[in-house]
1. Below 8 Å between Cα atoms, with a sequence gap of 6+, how large is the relative contact order for the chain in percent?
2. Work out from phi, with θ = phi - 60° and the Karplus expression 6.51 cos²θ - 1.76 cosθ + 1.60, the ³J(HN,Hα) of each residue of the range 229-237, listed in order in whole Hz, and give x for Gly and Pro.
3. Name the GluC sites (Glu not before Pro) in the range 132-191 that are in a loop by DSSP and that have at most 14 other C-beta atoms within 10 Å, would you?
4. If you take the square roots of the eigenvalues of the alpha-carbon gyration tensor of the range 165-239 and sort them as a ≥ b ≥ c, do you get rounded (a/c under 1.5), prolate (a/b over b/c) or oblate?
5. Over 32 Å between C-alpha atoms is what I'm after, so list which of Lys207/Lys257; Lys236/Lys275; Lys154/Lys214; Lys61/Lys173; Lys61/Lys98; Lys245/Lys268 land there.
Amino acid sequence: MKNYDNFLLENNNYVKAIELSEVVKLFKLTPMFETMMKGINLDFDNLIYRNVHPNFHDGYKDYNIIDPSKITRKSAWSLNNIYNLFFSNSENWNEYPKRDNSLICADYDGISERYRHNMYIVVPFERDIAVSPRRDIWISFYKNIVDDLGHFFKKFGNTVENVTILDDNDWEKFKIQLERYDEKRSNNYYNNDFFSENIKQFNDDNKDMVEKWKNNNITTLELLDFIFDPKRNEFKLLDYDGSTKLPNLSEIWLDSKSLLIKEHEFPKFIAECQKVYF
């Protein structure tokens with residue numbers, strides 16, 4: 001049996017359509033297969049779903065294998081790529097899948113009804129998945145920022161670019177440019193109340209950190225790391241095997257190669273697996 005890398009390397013594909021018989025063979029390499037072998041029934045509430053927009057559906061069939069590392073994704077709806085760059089590189093997020101090389105998914109209820117026209121079930125080959133506290137990462141930092149994530153980083157980018165150019169695709173350049181921004185702030189060349197206005201200060205920790213930033217006792221990057229810390233914002237890193245209880249109404253992302261099976265074909269796929277393996 002070919003392994004999943006062979007399928008993708010031979011074609012250098014992000015997504016490749018394969019036959020049901022091949023999916024059944026590859027399924028044996030997944031943690032979900034181990035769950036089935038233990039006699040645990042797969043609960044549809046604990047499956048990972050991904051909608052594929054019709055405009056981007058070329059190459060997708062009923063059964064597919066997908067490798068998110070083959071592309072570097074950027075923020076889909078934001079006017080800049082800062083938050084995607086930040087969460088893919090910040091040390092606080094090191095244990096989490098890199099968002100710029102991940103599939104963005106959800107639990108079933110986490111996908112809006114208007115996007116359920118082309119649903120796939122995702123069966124990852126690796127176990128680590130990241131889960132947000134709300135159905136979209138944009139609204140998952142509600143405890144610490146005033147706006148949603150997209151608007152926060154749009155305004156942040158505009159603020160920094162009043163002082164220096166900001167590269168939202170290269171992490172090393174981004175860090176250097178923030179250092180330049182901090183240097184000009186500390187020399188009173190430029191200062192502003194951006195964080196005072198855009199970070200919620202109902203708790204003393206946020207207030208204290210914003211004051212430290214205003215007094216140049218911490219850097220801009222240190223403040224961003226604090227405000228967007230995944231633990232403070234109740235993000236989770238889960239060990240997923242198909243039986244893992246998923247929080248309801250959550251965005252999920254994962255960087256594992258995965259099987260991608262059309263929702264209406266999934267019962268047929270499971271029935272074929274049971275026929276072959278049980």
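1. Computed value for the chain: 33 percent relative contact order.
2. 4, x, 5, 5, 9, 6, 7, 10, 10
3. On the way: sites: Glu161, Glu172, Glu179, Glu183; in loops: Glu161.
Sites meeting the loop and neighbour criteria: Glu161.
4. Oblate shape, in that a/c is at least 1.5 and b/c is the bigger or equal ratio.
5. Values: Lys207/Lys257 42 Å; Lys236/Lys275 35 Å; Lys154/Lys214 20 Å; Lys61/Lys173 40 Å; Lys61/Lys98 26 Å; Lys245/Lys268 23 Å.
Going by Cα-Cα distance, Lys207/Lys257; Lys236/Lys275; Lys61/Lys173 fall outside the 32 Å limit.
Quick note: the coordinates plus some simple rules give every number you see, no bench work behind them. All values reported here derive from a predicted model rather than from experimental measurement. Neighbour counts are summed over all protein chains in view; Cβ atoms, including those assigned to glycine, are modelled from backbone coordinates with ideal geometry.
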